[in-house]
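Engineer: Got a structure for you, questions after.
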Amino acid sequence: PEYNGDESRYLAPRTVLEAKLVEIWQEILHVERIGIQDNFFERGGHSLLATQVMSRIRSHEHIDIVLSALFKHPTIEA
């Protein structure tokens, strides 16, 4: 689905970790610009892509996050 979000609400990453997570989301979702308040699922994410996100976070950042965390907190900021 095409994203119809409000670009004026874009919030850039504030930390190194947020920037790395933005990069991962952009690669997985194939979008050019992700803000830290963007909802993963509203930007085209689904359960299979969520598993890819968690796998990349685990392999690139050595952080183990349970998959359910993305469903409960679907923004990078959260």
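The values are calculated or read from the model by the stated rules, or taken from the named source; none is laboratory data. Bear in mind the structure is a predicted one, so any value in this text is a computation, not a measurement. Positions of Cβ are generated from backbone atoms using ideal geometry, with glycine treated the same way; all protein chains shown enter the neighbour counts. For the accessible areas, the whole protein counts, side chains as well, though only heavy atoms, and no ligand, DNA or RNA atoms are used. Shrake-Rupley method; radii C 1.70, N 1.55, O 1.52, S 1.80 Å.
Engineer: Work from the charge dipole of the chain (Cβ charges, +1 for Lys and Arg, -1 for Asp and Glu, about the Cα centre) and give the residue of 59, 45, 74 farthest towards its positive end.
Structural biologist: Looking along the dipole axis, the top candidate is 59.
Engineer: Calculate, for the chain, the solvent-accessible area per residue in square angstrom, rolling a 1.4 angstrom probe over the heavy atoms of the protein chains.
Structural biologist: Numbers: 5090 Å² over 78 residues.
For the chain, the solvent-accessible area averages 65 Å² per residue.
Engineer: Now, a different point. Put a dot 7 Å past each Cα toward the Cβ at residue 41 and residue 59; how far apart are the dots in nm?
Structural biologist: Once both label points are built, they end up 2.6 nm from each other.
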